[in-house]
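Working notes, structure below.
The values are calculated or read from the model by the stated rules, or taken from the named source; none is laboratory data. Just so we're clear, the structure is a prediction, and the values are computed from it rather than from any experiment. For neighbour counting, all protein chains shown are included, and Cβ atoms are generated from backbone atoms with ideal geometry for every residue, glycine included.
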Amino acid sequence: MSDDHVYMTLAEGHEDDARWAYGTGFEDPLHGVDTTVPEGVDAAGLAACCLALGDDALVSAQRLAEWCTRAPELEEEVALANIGLDLLGQARLLYARCGQVDGTGRGEDAYAYFRDPGDFRNVRLAELPCGDFAFSVTRLLVLSSWRLAHFAQLTASPDPVLAAIAAKGVKELAYHRQYAAEWAVRLGDGTEESHRRMRRALEQVAPYIGELFTAYDVRDEVVAVLRQVTEAAGLPMPVYRPLPGAGRDGDHTEHLAPLLVELQSLARAHPEGTW
Amino acid sequence: MVTTGGDMVTTVSAEARRARRIAEQVPDPELPMLTLADLGVLRGVEITEDGTVVAGLTPTYSGCPAMAEMRAGVAARLRQAGFDRVEIRTVLDPPWTSDWITPAGRRKLAEHGIAPPGAAPRRSTGPVPLELSATRRSVTCPRCGSADTEETSRFAATSCKALWRCRSCREPFEYVKEI
């Protein structure tokens, strides 16, 4: 063990393996956690919930990562990457839980890398292209507000693993929502141009908001947050209308497939590979 | 190794204490001035009946990429110390809070130019309120001690830190966030 290069211990016990801190084939992120599904918990429902929330997080993380080297300022690039990293961590935990309860015993990589677009259950808002910074901020505001509200409820889930994942996520999501809300106010209440872009972003996001409210009862809380932010920003409250189809049923826009091609290409080129 | 009841208990608990001391001293990969014990991520070390050392680790953030290295570091140190059977378990509940950073850990952070966290926000159940005009917490500059500081970014080089700047000595510094 070398303390000079603390990451080198990762390679110990893997002599032919120049594995670094990222890649596939890592230990189950829930290793050692009691994975029993308590009696009375609907395993199929629990698996569907973990999958939907995992997919929202993975797809969002991929979009946020696209801002690397493109954000308006270094600080924002770091912020968006950090938010994406939190979501990626949540996705890993949720996929691991899903594999334990859906009867397949699949690991996190099977969910992230070896499913096709029609198998993904994320809301379509998460997969839309990044657009400009105003759009990404607006999307993050909506998604993080919804996810925070939903996770806060899930801390009382009868499944202790999901409850623990949610309790951890709540702390992270509070930072994400705060970041998006402050930018929304700064841009909405900023220059003529930033205000115009925020108005446009809200209009673009609006059709995809309704989809979030179909399954879980956090609509009032999310609407209250959006109202609070738009009022402070001098922006109109988005009017959301239902859009046909649902990402939760596997209906996606044409933007998900190319996102997954990029995300999955390396793992699919080297199946079972670890690095 | 297996002796009569009383002796065994003594032996095992002494060994468990030794294992704990070893695990506690493993440095954090991202904040190497801190041990895992200082950071508050080591959640118990015990020896099971079959002689396996079981160490619990909790992630600071869900996506903390240092978790794999923490696991590897604890396992390597314990094996080096003669414990052949080691198991590292993830502990998610209760979730890590910056309040678990020990007083020694806070002192070491400050000595290395990183402002330690204040008290984590207390959360009750129910909706998490959004405060748009939240009073900024005051953070003391770890270099010159001035309270005249400002946040430049709530996110920094690792998940657990924010970037701040001191208006008095003009130096930027990192700050461990409260969660």
| Within the range A:91-107, can one find any residue that is within 8 Å of chain B (Cβ to nearest Cβ), within 27 Å of B:VAL176 (Cα to Cα) and in a helix (DSSP H, G or I)? | yes
| remark: Within the range A:227-241, the residues that are in a loop (DSSP other than H, G, I, E, B), of a type in the set (Ser, Thr, Tyr) and modelled with pLDDT of 95 or more are none
| message | Take the residues in the range B:134-179 that are polar (S, T, N, Q) and outside any loop (DSSP other than H, G, I, E, B); name whichever of them is surrounded by the most Cβ atoms within 10 Å (Cβ to Cβ). | response | B:THR149
| remark: Of the residues in the range A:230-245 that are crowded, with 17+ Cβ neighbours inside 10 Å and more than 16 Å from A:VAL123 (Cβ to Cβ), the one that is farthest from the other protein chains (Cβ to nearest Cβ) is A:LEU235
| task | Quick one: in the range B:75-93, of everything that is in contact with a Ser or Thr (Cβ under 9 Å, 6 or more places away or on another chain) and within 24 Å of A:ALA164 (Cβ to Cβ), which residue is farthest from the other protein chains (Cβ to nearest Cβ)? | result | B:VAL86
| message | Out of A:LEU64, A:LEU51, I need the residue that is within 14 Å of chain B (Cβ to nearest Cβ), closer than 18 Å to A:PHE151 by Cβ and touching a residue at least 12 places away in the same chain (Cβ under 8 Å). Which one? | response | A:LEU64
| task | Would you confirm whether any residue within the range A:246-265 is crowded, with 19+ Cβ neighbours inside 10 Å, more than 14 Å from chain B (Cβ to nearest Cβ), more than 18 Å from B:PRO127 (Cβ to Cβ) and of a type in the set (Gly, Ala, Ser)? | result | yes
| Can you name the residue in the range B:102-133 that is among the basic types (Lys, Arg) and assigned to a loop (DSSP other than H, G, I, E, B) and is also nearest to the other protein chains (Cβ to nearest Cβ) among such residues? | B:ARG123
| field | Subset of the range A:78-93 (residues that are over 8 Å from the mean Cα position of the chain (by Cα), among the hydrophobic types (A, V, I, L, M, F, W, C) and closer than 13 Å to A:ARG147 by Cβ) | value | A:ILE83
| request: Please indicate, with yes or no, whether at least one residue in the range A:90-111 is hydrophobic (A, V, I, L, M, F, W, C), surrounded by fewer than 22 Cβ atoms within 10 Å (Cβ to Cβ) and closer than 30 Å to A:VAL205 by Cα. | output: no
| request: Hey, can you tell me all the residues within the range B:41-56 that are in a strand (DSSP E or B) and either at the interface with another protein chain (Cβ under 9 Å from one of its Cβ atoms) or in contact with a Pro (Cβ under 8 Å, 6 or more places away or on another chain) (or both)? | output: B:VAL54, B:GLY56
